Structure formats: C-alpha cells, structure tokens
Amino acid sequence: MFKMLILVPFYLLFSCSEGTFPNYIQDEVTTENNSSLLFKGFFKELDASSRGHYLIWIRKKQIYARIIFSKAPKVSRVHQYIHQGDRCPNRSDDENADGKLSFLETVAISGAVIIPLDGDINSQLEGLNWFPGTDKSGKYYYSRSADFKSFLHDLTTGDAQREFLVKLKQSEPLELHRKVILIYKENNNGLWAFACAPLRVGLVP
C-alpha cells in the first residue's frame, strides 16, 4: 500500500499564509522507503502572459500542495485542476479557433479532472464551491494539506459525482508523475485555460 502511496501520492496543501507550509531539507526528499516525494515546476502560459509555479510534497502520512502566481489574469476567480492525462494542450488544440482554450477543449486533450485544487482537497466534491482569486496585479497564493490515507480513500471510493470528474479504480495507482495541472480563469462564458504544467518529480532547492 505504501508503495502505491509513494508512486503517486499527491495531496494538496493550500493555506492562507506561507508560514503554514512546512520547512523541508533536501535529505528528506526521496522516492524510496516511504520517505518523501516532491513534485515541483513552472507553469507554461497558454493564451495569456502568466508566471507561476507549483510545489506538491508528500511526506510521511501527509500531502501538501502550493501554487503561487506572480502574474495571472487580474481580479479573477481561478480554477485549478489535476487532470488524468499527461499532455498539456496548446494553441493548435483550439478547435473552434476563437483564440482561447475552453474547459471542454482541454479535457479532450488532458483528460478528465482527477483532483480539484479547491477549498478541500480531502474530497473531490466538498471544496468545489471555493477557488482562489487573483488581486489587482494578478497575484495569488494557494496552499492546502490533507491526510493522504483519507485523500486516497475518497479518490478510490464511489462514483464521480460530476461529469468532468473521474475516480481511480481500487487497484489503480495515482501516478502523479503522469498528470498535468491546468489553471483556468472563470468568467460568464465558462472556464478558459491560461496556464499548464506537467507534474514532475524534482529536488527541493
């Protein structure tokens, strides 16, 4: 069981202040012996000039996640999703040639949503009514944490309650290193993707 947790454990930590994110040292980061697993990287812009990075850290029985954008659409509600696929969409995937990548267009390329990065990462559904928002300069900071066992139980139990969500099968590994994070701006016409990043294992700085 712990092998599966280490293979693709992904639990997200999002809290209001950077001080709540745990301290870490390079020696703690490993993919063996049920120690720690770190995913980190930068987002690639899609249809807007953006600048941000993510960090997801699985350590012992907890999963932590953090996303920081220094440049994103201003004064906007931002949706963040881990998709089940391993490819970020690009502008050639804009099927209706409207200059934007809609949620449906990205799902066609990157797969359904497996983990919403919302107000409660313990559950696919419980936190969907809350997502972070950017300030007047386009900045935002998001962090959450959860018990990994509870997180995985929810992800492998029952049926997905929304058509854009997907559950893991009981014996299916999470394999976060084969997933992508997509960031969307919300407006009256739906969700429009403006940044994407593949989840990649990395060393802490």
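The values are calculated or read from the model by the stated rules, or taken from the named source; none is laboratory data. Keep in mind it's a predicted model, so treat the numbers as computed, not measured. Note that each Cβ is placed from the backbone with ideal geometry, even for glycine, and that neighbours are counted across all protein chains shown. With ligands, DNA and RNA removed, areas are computed over all heavy atoms of the protein, side chains included. Shrake-Rupley method; radii C 1.70, N 1.55, O 1.52, S 1.80 Å.
Out of everything in segment 137-149 that is surrounded by 14 or more Cβ atoms within 10 Å (Cβ to Cβ) and polar (S, T, N, Q), what residue ends up being farthest from the chain's Cα centre (by Cα)?
Once the filter is applied, the top-ranked residue is S145.
Can you find, within segment 121-136, the residue that is most open to solvent (accessible area, probe 1.4 Å) among those that are in contact with a helix residue (DSSP H, G or I) (Cβ under 7 Å, 6 or more places away or on another chain) and of a type in the set (S, T, N, Q)?
If we take residues in segment 121-136 being in contact with a helix residue (DSSP H, G or I) (Cβ under 7 Å, 6 or more places away or on another chain) and of a type in the set (S, T, N, Q), then N122 is most open to solvent (accessible area, probe 1.4 Å).
Got a number for residues in segment 45-61 being over 14 Å from the mean Cα position of the chain (by Cα) and in a strand (DSSP E or B)?
3
Within segment 154-205, how many residues turn out to be assigned to a loop (DSSP other than H, G, I, E, B) and either under 13 Å from P116 (Cα atoms) or out of contact with any Ser or Thr (no Cβ under 6 Å at 6 or more places or on another chain) (or both)?
The total comes to 26.
How about segment 116-153: which of its residues are assigned to a strand (DSSP E or B) and of a type in the set (F, W, Y)?
Result: Y140, Y141, Y142.
Take the residues in segment 7-44 that are outside any loop (DSSP other than H, G, I, E, B), of a type in the set (A, V, I, L, M, F, W, C) and touching a Pro at 6+ places or on another chain (Cβ under 8 Å), then tell me which one is modelled with the highest pLDDT.
This residue is L37.
What are the pairs with Cβ atoms under 8 angstrom where one residue, in segment 44-66, is closer than 15 Å to S150 by Cα and the other, located anywhere, is open to solvent by 40 Å² or more (accessible area, probe 1.4 Å) and modelled with pLDDT under 90? Sequence gap at least six, or different chains.
As it stands, the answer is R59/Y24; R59/E28; K60/N34, since those pairs meet every condition given.
Being open to solvent by 60 Å² or more (accessible area, probe 1.4 Å) and in contact with a Lys or Arg (Cβ under 6 Å, 6 or more places away or on another chain) is true for just one of K71, K100, K40. Which residue is that?
Going through K71, K100, K40 in turn, the sole match is K71.
State which residue pairs qualify: first residue open to solvent by less than 50 Å² (accessible area, probe 1.4 Å) and inside segment 158-176, second residue basic (K, R) and in a loop (DSSP other than H, G, I, E, B) in any location, beta carbons under 9 Å apart, and separation of 6 or more residues or different chains.
If the second residue must be basic (K, R) and in a loop (DSSP other than H, G, I, E, B), the pairs left are A160/K167.
On the basis of being under 17 Å from F43 (Cβ atoms), crowded, with 16+ Cβ neighbours inside 10 Å and aliphatic (A, V, I, L, M), does V78 make the cut?
Yes, satisfied.
Test V75 against the stated conditions and say whether it is more than 13 Å from the chain's Cα centre (by Cα), of a type in the set (A, V, I, L, M), in a helix (DSSP H, G or I) and closer than 24 Å to S50 by Cα.
Against the criterion (more than 13 Å from the chain's Cα centre (by Cα), of a type in the set (A, V, I, L, M), in a helix (DSSP H, G or I) and closer than 24 Å to S50 by Cα), V75 does not qualify.
Based on this model, can you work out whether H153 counts as over 30 Å from K74 (Cβ atoms), touching a residue at least 40 places away in the same chain (Cβ under 8 Å) and either under 12 Å from the mean Cα position of the chain (by Cα) or open to solvent by 10 Å² or more (accessible area, probe 1.4 Å) (or both)?
Here the answer is no, as H153 does not meet what is asked.
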